[in-house]
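The values are calculated or read from the model by the stated rules, or taken from the named source; none is laboratory data. This structure is a prediction, so every number in the text was calculated from the model and none was measured. Ideal geometry is used to build each Cβ from the backbone, glycine not excepted, and the neighbour counts take in all protein chains shown.
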Amino acid sequence: MNAGHSVKAGHSMTAGHRIRAAANALNLSTATGLLLAGLSRTRVEKGPQGLLLGTHYKPKLPLAGAFTVGNVVFYRADRAFIDSRPELLGHEARHASQYACCLGLLFFPLYAACAAWSLWRTGNPGSRNFFERHAGLQQGGYRELPTVARLPAVVNCLLRLVRNKPVRNNAVRQRPVQQHPVPAKPARSAEPEERHHP
């Protein structure tokens with residue numbers, strides 16, 4: 001599916017949609033999505049192209065208006081909102097296909113790595129994220145952001161640390177302090193002094 005296409009309301013499935021649904025059933029990603037729906041008490045209903053739509057998702061994480069686990073697409077909004085934003089559903093449908101290509105739950109660490117890379121490069125987890133770019137940045141509500149040249153700053157910081165490292169010089173030794181003996185005072189005689197009376 002091209003990035004510009006959207007999912008139309010309807011329940012017709014192509015061979016590709018059936019393969020995706022079967023793959024995500026076998027790799028347990030859809031089962032994981034249904035488990036999450038049960039734990040979060042999210043209502044799930046059938047959607048187009050073999051997708052399952054979860055509405056009124058309540059937990060705070062993840063910080064997204066919509067996200068996908070296997071063939072289950074979670075929304076914080078209702079079905080009317082979903083039907084009014086077919087481009088967003090198309091974006092999430094491509095994420096469902098990515099789960100199938102990544103053999104299911106392997107999607108999570110791969111996505112996290114790409115999000116970290118994008119955050120490092122742009123300050124945003126989606127702009128340079130391979131998965132979000134493949135699914136369509138604009139359709140998913142992301143913006144194309146310029147990259148930030150962070151590597152030179154890191155190199156300069158390391159160079160400053162190396163240059164400012166103190167150098168130990170074993171040749172310079174502190175001279176020992178010479179102590180001069182203090183002459184002893186003569187001892188007083190223990191005999192009583194003779195006194196002469198007039």
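Can you find a residue that is more than 23 Å from Thr30 (Cβ to Cβ), modelled with pLDDT under 95 and basic (Lys, Arg) anywhere in the range 129-137?
no
Step by step: first the residues of the range 69-96, then only those that are surrounded by fewer than 21 Cβ atoms within 10 Å (Cβ to Cβ) and touching a residue at least 60 places away in the same chain (Cβ under 8 Å), then the one that is farthest from Gly47 (Cα to Cα). Which residue is that?
The qualifying residue farthest from Gly47 (Cα to Cα) is Glu87.
Among residues belonging to the range 61-80 that are in a loop (DSSP other than H, G, I, E, B) and of a type in the set (A, V, I, L, M), point out the one that is farthest from Cys102 (Cα to Cα).
Keep residues of the range 61-80 that are in a loop (DSSP other than H, G, I, E, B), which gives 61-65, 70-71, 76-78.
If we keep only those that are of a type in the set (A, V, I, L, M) as well, we get 61, 63-64, 77.
Numbers: Leu61: 22, Leu63: 23, Ala64: 21, Ala77: 28 Å.
My answer is Ala77.
Considering the range 117-127 alone, what residues qualify as being surrounded by fewer than 15 Cβ atoms within 10 Å (Cβ to Cβ) and either touching a strand residue (DSSP E or B) at 6+ places or on another chain (Cβ under 8 Å) or outside any helix (DSSP H, G or I) (or both)?
Gly123
In this structure, does Cys114 turn out to be surrounded by fewer than 20 Cβ atoms within 10 Å (Cβ to Cβ), more than 18 Å from His17 (Cα to Cα) and among the hydrophobic types (A, V, I, L, M, F, W, C)?
yes
Identify, please: which residue in the range 97-111 is in contact (Cβ under 8 Å) with a residue 24 or more places away in the chain and either among the hydroxyl-bearing types (Ser, Thr, Tyr) or farther than 18 Å from Leu52 by Cα (or both) and is, among those, surrounded by the fewest Cβ atoms within 10 Å (Cβ to Cβ)?
For the range 97-111, the residue satisfying everything is Leu103.
Tell me, please, whether a residue that is surrounded by 14 or more Cβ atoms within 10 Å (Cβ to Cβ), within 21 Å of the chain's Cα centre (by Cα), modelled with pLDDT of 95 or more and at positive phi can be found in the range 40-61.
No, every residue in the range 40-61 fails to be surrounded by 14 or more Cβ atoms within 10 Å (Cβ to Cβ), within 21 Å of the chain's Cα centre (by Cα), modelled with pLDDT of 95 or more and at positive phi.
Can you find a residue in the range 47-60 that is in a helix (DSSP H, G or I), of a type outside the set (D, E, K, R) and farther than 22 Å from Arg133 by Cα? Lay out the reasoning, then the answer.
We begin by selecting, within the range 47-60, every residue in a helix (DSSP H, G or I); these are 48-50.
Right, trim to of a type outside the set (D, E, K, R) and you get 48-50.
In the following step, the residues that additionally are farther than 22 Å from Arg133 by Cα were identified as 48, 50.
Yes, because at least one residue in the range 47-60 is in a helix (DSSP H, G or I), of a type outside the set (D, E, K, R) and farther than 22 Å from Arg133 by Cα.
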